[in-house]
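Chemist: Take a look at this one; I'll ask things after.
Every number in this text was worked out from the coordinates using simple rules, so none of it is lab data. Nothing here was measured: the structure is a model prediction, and the numbers come from that model. With ideal geometry, Cβ positions are generated from the backbone for all residues, glycine too; neighbour counts draw on all protein chains shown.
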Amino acid sequence: MDVFLQLTVSGLSTGMVYALAAAGFVVIYKASDVINFSQGDLLLFGTYLIFFAVAQTGLPWSLGVVVTVLLAVALALVIERLVLRPLIGEPIISMIMVTIGLSSILRAAVNAIWGPAPRSFESFLPAGDVALGPVILSSGRLLSIPIALAVLAALWLFFRHTRDGIAMRAIADDQQAALSMGISIPRVFGIAWGLAAASAAIGGIMLGNIVGVSPNVASIGLRVFPVVILGGLDSIRGAVIGGAVIGLLEVYTGGYVGHGLSLVVPYVVLVLVLMVRPYGLFGKEIIERV
Amino acid sequence: MPVLELRDLSLRFGGVTALAGFGMEVHNGELLALIGPNGAGKTSVLNCVSGLYRAQEGTITLTEPDGASHALHRLAPHRIAALGVARTFQNIELFKHMTVLENLMLGRHVHMRGGVLSGGLYLGRQRRAEIEHRRYVEEVIDFMNLEPLRSAEVGNLAYGNQRLVEMARALALDPRILLLDEPTAGMNAEEKESMARFILDVQEERGVTVVVIDHDIDVIMDISDRVVVLDFGRKIAEGTPDRVRNDPAVIDAYLGRTRETA
């Protein structure tokens, strides 16, 4: 039972990091139909930015988090402005290919600035343990769950209630109609990239605390794909559930079966979902009539 | 003083010429019909005005009542919409996964304020504004007789109703100029009749300047103040419906053929 609970907390906390990264992915997909292959690298950048802000610059944690998120958003806005905006109106596939290029560039940039060796810094989430009856849980991991959920809830509210969030849904639904309603596509794309980077940065900050700072974080970012395929490419709710499921599956397999298999499980899920329910649990069922 | 003036518009797609030096004026408050055979360039004209296409040559000028003028041919589509130019599409472009009400609320987009953060912060002010917009939209719903459909998902509506919703959404924008691209296409005689009625009401009761494209010459001739006839991307005639009907160039290009088959 102890082991099960510990695994559950660990799985959920990892899962929520996945969910944050995936939510950013969903935001971009919703607004522009672009599959952002550089989402994992935004996560990686977030991890190194918090390392830079806190360990290298010596900012206090609270300020470091703010600076990290702002830097990440600024980076995303520059990327959107310089790389993606000129491609508006071009085939979607061009934009998707560009994000693959972006992924390499971001990864190389991290490598060039901070080097390939893993770095360490003092965790800001309380390092101690919490005793829940007979079960000892890491309080850092425990805390990261509500933090992530709060960020995800904010994103969800954004889509439902704000002018820009609703405009984003409109663009996803029918771009021509959105244009004729006076919705600015460049503005909405900019906001989408900014939000995606912000949620990835928060995910990156949590990752830095939970697993440490190293280039391997980018491979964790790859888990975005099983998560969004499971949850649905265009659903924030799906990202949360998908993240939790993949995170839990991973640690349960790791804990009860073996570490090797746990690395593969997310992708097995990905393949199964694609076979059974290609639009995911909460995705929009798009029927193309030809 | 024309509210909208198009001058020497030329639009080419590779080797295909859609518009070849087309020009026309739209007067304030009139109902102008744009007719012509298939492929004459009617939709291209609307797309240039609403900014979806950019003509290689020529100018489009919108003049506001206070005399301020705007070069639409240089503006992005969302800026043109913000100036009060609304439109519908030949192939109905609606937000299919949203309800009728949500579609119409999106018509209010240009009138809404609020950035990414402030949208969530100024709850009180935001709410008051939302109520205002809601009231406006309800008035449009009432005007277009859409009450029974207000919470239906648009993708599930019948074709004729979708056309009405699209027009209602354009009206929610509170437009100065309304561009209608074949609003009666695919409708039966009865639906056409009621759509024509709505178009007239929009012009007369709401004081909106309307430019309408349609294939159904009879309906359009009945309601329009003036007609502009296009063929091969050029204006070949213009004037009152009666004058245009008897213009030899028009009969050659367009009406002649319908007469023979009729």
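Chemist: Sorted by packing (mean other beta-carbon atoms within 10 Å per residue), highest first, where do A:41-49, B:8-16, A:182-190, B:235-243 land?
Modeler: Details: A:41-49: 28.9, B:8-16: 13.2, A:182-190: 20.8, B:235-243: 16.3.
The densest-packed peptide leads the list: A:41-49, A:182-190, B:235-243, B:8-16.
Chemist: I'd like the antiparallel share, as a percent to the nearest 5, of DSSP beta bridges with both residues in chain B.
Modeler: Roughly 60 percent of the DSSP beta bridges within chain B come out antiparallel.
Chemist: Quick check: from the Cα gyration tensor, does the protein assembly as shown come out rounded (a/c under 1.5), prolate or oblate?
Modeler: The shape class here is prolate.
Chemist: Explain nothing, just the number: relative contact order of the stretch A:126-188, from Cα pairs under 8 Å at least 6 residues apart, as a whole percent. Mind showing how you got there, number by number?
Modeler: Numbers: 37 pairs, mean separation 10.3, N = 63.
RCO, the stretch A:126-188: 16 percent.
Chemist: Assign one of three labels to the stretch B:121-262, namely rounded, prolate or oblate, based on the Cα gyration tensor with a ≥ b ≥ c the square roots of its eigenvalues; rounded applies when a/c is under 1.5, prolate when it is not and a/b is larger than b/c, and oblate otherwise.
Modeler: Details: a/c = 2.98, a/b = 2.09, b/c = 1.43.
Prolate is the answer for the stretch B:121-262, as a/c is 1.5 or above and a/b outweighs b/c.
Chemist: Would you mind telling me which residue in B:Arg234, B:Arg125, B:Arg79 has the biggest mean-square fluctuation in a Gaussian network model of chain B, where springs connect alpha carbons within a distance under 10 angstrom?
Modeler: In the Gaussian network model the winner is B:Arg125.
Chemist: Okay, moving on. How big is the stretch A:147-290 by Rg and Dmax over its Cα atoms, in Å?
Modeler: Cα radius of gyration and Dmax of the stretch A:147-290 are 17.2, 56 Å respectively.
Chemist: Follow-up question, since we're still on this one. Using only alpha carbon pairs under 8 Å that are at least six residues apart, calculate the relative contact order of chain B and give it in whole percent.
Modeler: In percent, rounded to a whole number, it is 27.
Chemist: Please enumerate, by chain and number, the lysines with C-alpha under 25 Å from the C-alpha of B:Lys192, excluding those fewer than 8 residues away in the same chain.
Modeler: Correct list for B:Lys192: B:Lys42, B:Lys96.
Chemist: For the Cα atoms of chain A, what angle does the longest principal axis make with the long axis of helix A:39-50, in degrees from 0 to 90, nearest 10?
Modeler: Taking Cα atoms only, the helix is inclined about 50 degrees.
Chemist: Would you mind telling me which residue in B:Gly160, B:Gly186, B:Gly29 has the biggest mean-square fluctuation in a Gaussian network model of chain B, where springs connect alpha carbons within a distance under 10 angstrom?
Modeler: Result: B:Gly186 has the largest fluctuation of those listed.
Chemist: Distances longer than 26 Å among the Cα atoms of chain A: what percent of all pairs is that?
Modeler: It works out to 42 percent of all Cα pairs.
Chemist: Right, here's the next one. I'd like the distance separating the alpha-carbon centroids of the stretch A:23-50 and the stretch A:97-126, in whole Å.
Modeler: 14
Chemist: Once phi is turned into θ = phi - 60°, what whole-Hz ³J(HN,Hα) does the Karplus curve with 6.51, -1.76 and 1.60 give for every residue of the stretch B:25-38, x standing for Gly and Pro?
Modeler: 10, 10, 8, 4, x, 8, 10, 9, 9, 10, 10, x, x, 3
Chemist: Here's something else I'd like to know. In terms of the Cα gyration tensor, with a ≥ b ≥ c the square roots of its eigenvalues, is the stretch A:27-185 rounded because a/c is under 1.5, prolate because a/b exceeds b/c, or oblate?
Modeler: oblate
Chemist: What is the angle, in °, between the Cα long axis of helix A:259-276 and the longest principal axis of the Cα atoms in chain A? Nearest 10 is fine, range 0 to 90.
Modeler: It is inclined by approximately 30 degrees.
Chemist: Please identify, among A:Ala76, A:Ala154, A:Ala55, the residue showing maximal mean-square fluctuation in a Gaussian network model of chain A using a 10 angstrom Cα cutoff.
Modeler: A:Ala154
Chemist: Among bridges DSSP assigns within the protein assembly as shown, what percent are antiparallel (round to 5)?
Modeler: On the way: 28 of 44 bridges.
Of all bridge pairs located within the protein assembly as shown, approximately 65 percent are antiparallel.
Chemist: With axes computed from alpha carbons, what is the tilt in degrees of helix A:139-161 against the longest principal axis of chain A, rounded to the nearest 10 within 0 to 90?
Modeler: Relative to chain A, helix A:139-161 is tipped by roughly 20 degrees.
Chemist: Only Cα pairs under 8 Å and at least 6 apart count here; give the relative contact order of chain A as a rounded whole percent.
Modeler: 37
Chemist: Same structure, new question: Check B:Tyr53: other-chain or 5+ apart residues with amide H under 5 Å from its amide H, H built from backbone geometry?
Modeler: Here the answer is B:Cys48, since their amide H atoms fall under 5 Å of that of B:Tyr53.
Chemist: What is the Rg over Rh value, at two decimals, for the stretch B:3-120, using alpha-carbon atoms and the Kirkwood definition of Rh? Working shown, then result.
Modeler: On the way: Rg = 16.3 Å, Rh = 16.1 Å.
Expressed as Rg/Rh, it is 1.01.
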